[in-house]
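The values are calculated or read from the model by the stated rules, or taken from the named source; none is laboratory data. Not measured: the values here are computed from a predicted model. Cβ placement follows ideal geometry from the backbone for every residue including glycine, while neighbour counts extend to all protein chains displayed.
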Amino acid sequence: MARRRIIAGNWKMNMTPTEAKALVETLKPLVNNPDVDVVYCVPAIDIVPVVEAVKGTNVEVGAENFYIEDKGAFTGEISAPMLLDAGVKYVIIGHSERREYFGETDEFLNKKVLKAFASGLTPILCCGESLELRERNAYKEWIGLQIKADLEGVTADQVKSMVIAYEPIWAIGTGKTATADQAQEVCALIRNTIAEMYDTDTAEAVRIQYGGSMNAGNAAELLSKPDIDGGLIGGAALKPDFGQIVNA
Ligand code: PGA
């Protein structure tokens, strides 16, 4: 069974609403590929204008974050029902920047994954090791533990519909991409972990992205690997290069 490719931009804390609308217009003719799922994960304040700007295109909109309660006294937070009402389909969960700067633990991320599914959002669940873990050759065990903890209580059907992104922290925003073989090794390991936790059907269905300094120059080689079904793109998602990645 062929898995459909999914290329997602993670805009991070970039792009004012005005800049966001201009970027969508710039990218419009470049990302128009019916064979690929294209997603823009954008800052909360850009969601409404970007949903409007991508109308009539192949692009879906994702959020970079949300909170696990539906409503109430949680100043500054945004809920799943708010995202859905605004037209959001995907949400990034467990990005290393949220884990590191905002103290999000696997226990909390598991709650977010369960809440996303319960609400009807598709999680893009990120995992990845630090340079220190890579150098001590402890990365495989680490990734396995992250996946198991973050997916606790998630059903096989839910896993089949989700996206997992392997993002080695040492490759994010550093210009230091994992080699295609390094990325493939871990994406295969994630798929094997899913097969062990669930079954081979589920493992064959789940889409696994690579992320970390993916760009127009290295995308084709990374995407040629059997277990890499797409990319989660930071810096290069803010430029016309994103179109080249979609079409790689
Ligand atoms: P990068 O970011 O492409 O700028 O390395 C990827 C990410 O953090 O998702």
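Residues in segment 129-154 that are in a helix (DSSP H, G or I) and free of Cβ contacts under 8 Å to residues at least 40 places away in the same chain: 131, 132, 133, 134, 135, 141, 142, 145. Please determine whether any residue of segment 54-62 is surrounded by fewer than 17 Cβ atoms within 10 Å (Cβ to Cβ) and among the acidic types (Asp, Glu). Checked segment 54-62: no residue is surrounded by fewer than 17 Cβ atoms within 10 Å (Cβ to Cβ) and among the acidic types (Asp, Glu). Quick one: in segment 155-177, which of the residues that are under 16 Å from residue 110 (Cα atoms) and in contact (Cβ under 8 Å) with a residue 60 or more places away in the chain is farthest from the ligand (Cβ to nearest atom)? Only one residue fits best here, namely 163. Among the residues of segment 178-220, just one is more than 16 Å from residue 167 (Cβ to Cβ), crowded, with 16+ Cβ neighbours inside 10 Å and within 16 Å of the ligand (Cβ to nearest atom), namely 216.
Selection of segment 34-68 for residues being β-branched (Val, Ile, Thr), touching a Ser or Thr at 6+ places or on another chain (Cβ under 9 Å) and not in a strand (DSSP E or B) yields 45, 68.
Counting only residues that are farther than 18 Å from residue 39 by Cα and surrounded by 16 or more Cβ atoms within 10 Å (Cβ to Cβ), which one in segment 222-235 is nearest to the ligand (Cβ to nearest atom)? Per the criteria, the residue is 222. Restricting attention to segment 69-128, the residues that are over 22 Å from residue 209 (Cβ atoms) and in a strand (DSSP E or B) add up to 1.
With respect to the stated conditions, residue 173 is within 25 Å of residue 122 (Cα to Cα), of a type in the set (Gly, Ala, Ser), surrounded by fewer than 18 Cβ atoms within 10 Å (Cβ to Cβ) and modelled with pLDDT under 95.
If the condition is being touching a residue at least 24 places away in the same chain (Cβ under 8 Å) and among the charged types (D, E, K, R), then segment 1-32 contributes 3, 4, 5, 12, 21, 25, 28.
Take the residues of segment 6-30 that are of a type in the set (Val, Ile, Thr) and more than 16 Å from the ligand (Cβ to nearest atom): which is nearest to residue 230 (Cα to Cα)? Write out each step before concluding.
Taking segment 6-30 as the starting set, the residues that turn out to be of a type in the set (Val, Ile, Thr) are 6-7, 16, 18, 24, 26.
Next, from what is left, pick out any that are more than 16 Å from the ligand (Cβ to nearest atom): 16, 18, 24, 26.
On the way: 16: 26, 18: 28, 24: 20, 26: 22 Å.
Ranking the candidates gives 24 first.
The residues listed here are 118, 149; of these, the one that is closer than 19 Å to residue 191 by Cα, among the aliphatic types (A, V, I, L, M) and more than 16 Å from the ligand (Cβ to nearest atom) is 149. Annotation for segment 131-143: no member residue is closer than 19 Å to residue 91 by Cβ and within 16 Å of the ligand (Cβ to nearest atom).
Please count how many residues of segment 71-115 are within 16 Å of the ligand (Cβ to nearest atom) and in contact with a helix residue (DSSP H, G or I) (Cβ under 7 Å, 6 or more places away or on another chain). It would help to see each step written out before you state the result.
The first filter runs over segment 71-115 and keeps only residues within 16 Å of the ligand (Cβ to nearest atom), leaving 90-102, 104, 109.
Still in the running and in contact with a helix residue (DSSP H, G or I) (Cβ under 7 Å, 6 or more places away or on another chain): 91, 93-94, 96, 104, 109.
Total satisfying the criteria: 6.
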